[in-house]
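First up is the structure itself, then whatever we jot down about it.
The values are calculated or read from the model by the stated rules, or taken from the named source; none is laboratory data. The shown structure was predicted, so the numbers you read here are calculated from the model rather than taken from an experiment. All Cβ positions, even for glycine, are placed from backbone atoms using ideal geometry, and neighbour counts span all protein chains on display. For the accessible areas, the whole protein counts, side chains as well, though only heavy atoms, and no ligand, DNA or RNA atoms are used. Shrake-Rupley method; radii C 1.70, N 1.55, O 1.52, S 1.80 Å.
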Amino acid sequence: MINVFQPSLGEEELAAVAEVFKSDWLGHGPRTKDFEAAFARHIGVPADNVVFISSATDGLFLTTELLGLGPQDDVVLPSISFVGAANAVAATGARPVFCDVDRHTLNPSAEDVERSLTPRTRAVLPLHYGGHPGAIDDIARLCRERGITLIEDAACAVTSAVDGRACGTFGDLAVWSFDAMKILVTGDGGMLYARDPGAAQRVRALAYHGLDQFSGRSRSAKVPRRWWELSVRDFGHRMIGNDLTAAIGGVQLRRLPEFQRRRQAVVEAYDELLAGIPGVRLPPRPPAGHTTSGYFYWVQLPPAIRDRVAADLLDRGVYTTFRYPPLHRVPAYRAETDLPGADRAAESTLLLPVHQSLDDADVRTVATGFRDAVERAAAAART
Ligand SMILES: *Cc1c(COP(=O)(O)O)cnc(C)c1O
């Protein structure tokens with residue numbers, strides 16, 4: 001089988017894990033700090049502003065809690081979003097308001113976001129579809145002008161940037177994911193960035209039982225006389241990363257340029273091998289200055305044949321999928337909003353395998369299989 005997503009883990013990660021075993025310390029510790037510092041350098045922000053957490057989803061829940069959202073508030077997010085983003089909004093009692101996306105890029109424009117703003121909008125929560133930055137700078141400007149908090153779901157945008165500025169650093173808060181299907185993996189894990197250092201400190205406490213010491217406030221202070229006493233001023237969760245996953249993350253971060261190069265080569269090969277198939281649209285090239293992580297490679301097909309092509313490819317041992325089914329159609333969030341871009345994208349889009357372990361033969365297998373499957377499905381549709 002050729003997977004849609006696949007991590008690259010090897011000897012170096014194993015060696016890093018072995019070191020952690022020898023250290024007799026698996027919990028949150030020095031390797032966590034090192035990974036946070038290295039990731040902060042990677043995205044170009046101070047180390048104190050990033051927090052290694054248990055998952056991007058937990059991070060999204062931390063951001064909405066941090067903002068103190070409640071039933072009087074609205075949060076605008078694209079209908080084509082990861083369900084955890086809407087869940088994180090709804091958990092506070094706030095209302096997720098879905099905006100439309102471009103039917104080809106599957107990202108919202110600033111106008112799409114603006115059309116969905118209400119007097120109650122407290123935050124905007126876009127993602128970078130497939131790692132493509134999208135209109136993030138325009139959306140950031142809109143949010144600044146309106147005094148609205150911008151939370152970036154940069155879960156799949158680990159190497160995405162606009163003019164060298166990392167996705168995730170355009171807004172006030174952001175999360176990245178290192179789950180098993182992402183580009184940089186730690187098993188489970190995520191990173192949270194807060195532009196405001198005080199907010200980052202509160203996130204540290206919130207992510208660990210509300211413990212004051214954990215927020216770093218007393219890091220430079222001497223060990224208190226009774227170090228076992230609790231300094232908890234606010235309740236909290238347990239959503240922290242640990243040294244075992246951080247050690248894997250540190251190695252993966254160093255290997256990221258290598259991953260990026262291979263993904264880019266796979267994307268270029270698909271662009272070439274899949275060009276000119278009647279009725280098929282390849283993913284838009286990112287505009288000048290935009291760097292994409294290349295997390296998704298998506299093709300768009302006539303809706304009448306999309307599912308048949310997916311089934312045919314599966315029979316040939318090639319997995320495909322679609323992310324993310326529009327949330328305004330999901331039972332929990334069903335809304336009578338008219339979002340033609342999201343609807344159109346959802347019925348025509350298919351994600352092809354793209355990961356750094358695909359070799360040239362795999363890429364040809366996918367491309368040939370796809371061409372064939374489209375031809376067969378189109379012929380069947382004609383009869
Ligand atoms: C993977 C992903 C998430 C969730 O990340 P976890 O670390 O698995 O919680 C959220 N948003 C987007 C866009 C994702 O791709």
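Numbers at a glance
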item	result
Centre separation in Å (Cα based) which lies between the stretch 3-30 and the stretch 307-330	32
Cα gyration tensor shape for the stretch 52-97, rounded if a/c is under 1.5, else prolate or oblate	oblate
Mean shadow area of the stretch 256-382 over all directions, Cα convex hull, nm²	9.6
Degrees between helix 360-382 axis and first principal axis of the chain (Cα, 0 to 90, nearest 10)	50
Accessible area of the stretch 36-136 belonging to carbon and sulfur atoms, whole % at 1.4 Å probe	54
Relative compactness, the stretch 24-121, computed as alpha-carbon Rg over 2.2 N^0.38 Å	1.34
Sparse-neighbourhood loop sites, GluC sites (Glu not before Pro) in the stretch 219-292 - DSSP loop, at most 15 other Cβ within 10 angstrom	GLU229
Within the chain: Cβ-based charge dipole about Cα centre, in debye rounded to nearest 20 (Lys, Arg +1; Asp, Glu -1)	600
The stretch 191-324 - charge dipole about Cα centre, Lys and Arg +1 at Cβ, Asp and Glu -1, debye rounded to 20	680
Per residue, the convex hull volume that the Cα atoms of the stretch 80-168 enclose (Å³)	91
Nearest-0.05 FRET efficiency for ASP271 and LEU14, computed from C-beta distance (R0 41 Å)	0.75
Share of carbon and sulfur in the accessible heavy-atom surface of the stretch 281-383 [1.4 Å probe, %]	50
Two-site FRET efficiency, ARG382 against ARG141, from Cβ-Cβ distance with R₀ of 41 Å, rounded to 0.05	0.30
For the chain, accessible area per residue (1.4 Å probe, heavy atoms of protein chains only), Å²	44
Calculated SAXS-style log₁₀ I(q)/I(0) at q = 0.11, 0.25 Å⁻¹ - the stretch 212-307, Debye, Cα scatterers	-0.65, -1.31
Range in the chain, longest, excluding exposed trypsin sites (Lys or Arg not before Pro) [loop by DSSP; at most 12 other beta-carbon atoms within 10 Å]	1-218
Percentage relative contact order, the chain, counting C-alpha pairs under 8 Å, at least six apart	23
Reference-scaled alpha-carbon Rg (2.2 N^0.38 Å with N residues) for the chain	1.03
